[in-house]
Amino acid sequence: MTRRLMLILAAILSIATALAQGEGFRPLFDGKTLTGFTIRSGTATYKVEDGAIVGTTAEGSGNTFLTTDKEYGDFELTFEVKVDNALNSGVQIRSHVAPENGFQPKLGGKLPKDRLYGPQVEISTDGMAGRIYDEARRGRWLDTKEPTAETKGAFKKGEWNQYRVLAQGDRIQTWVNGIPIADVRDGEDTKGHIGLQVHGIARGTGPFQVRWKNLMIREPGR
């Protein structure tokens, strides 16, 4: 077999693999509107700009979430995100909405009505990106493996970063720019909402922004 033919076959195999990996994915949002989403918990704003969802902080607001109206159980989620260096953000998965003021989840304290709580995949520039935090409930990291120099350096400041989240049964895995970050087994949440977080900021600071694009999801059997 000639070298030229080997290169051609390798290129064909690479293309076929990429196509296979993309099978079954569909957009999580339509790229133009926020149809299918609801803003919850805070007063940050969200808009669609050049095919991306842009979240902007509001002074004095607590954490705000753009939440899918649909709930998801097992899935694979991929997206790209870029965040201002001073802002902390995240993507909630299998999360829940407090139905009334004073609602108390099994593992947490009382919450105000409409507060989103549950697992959050961290978006930040402090070396914790990709870790899984239990938002507004247990208030701690669910992944207990100590971050390494590689995982701390996975997220690139000022750039678009590629995330992959795989939720199967009680197992949740995350990758940032192809680097494995978290691998957690936690049976508390079998399904729930996906939510794009704009973290709260103090008065006299900001505004800061976070942007998401190419949000794609794949569910088993679909």
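The values are calculated or read from the model by the stated rules, or taken from the named source; none is laboratory data. The structure presented is a predicted model; accordingly, all values stated were derived computationally and were not measured. Because the Cβ atoms are built from the backbone with ideal geometry, glycine has one as well, and the counts that use them run over all protein chains shown.
In table form, for the structure just shown:
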| read-out | value |
| --- | --- |
| Residues satisfying the stated conditions in region 49-61, i.e. at pLDDT 95 or above and either over 17 Å from the mean Cα position of the chain (by Cα) or outside any strand (DSSP E or B) (or both) | E49, D50, G51, T57, A58 |
| Only listed residue being of a type outside the set (S, T, Y) and free of Cβ contacts under 8 Å to residues at least 40 places away in the same chain, chosen from V83, V48, V54 | V48 |
| Number of positions in region 188-222 that are among the acidic types (D, E), in contact with a Pro (Cβ under 9 Å, 6 or more places away or on another chain) and over 16 Å from F65 (Cβ atoms) | 1 |
| Residues (at pLDDT 95 or above and more than 23 Å from N63 (Cβ to Cβ)) located in region 125-153 | T148, A149, E150, T151, K152, G153 |
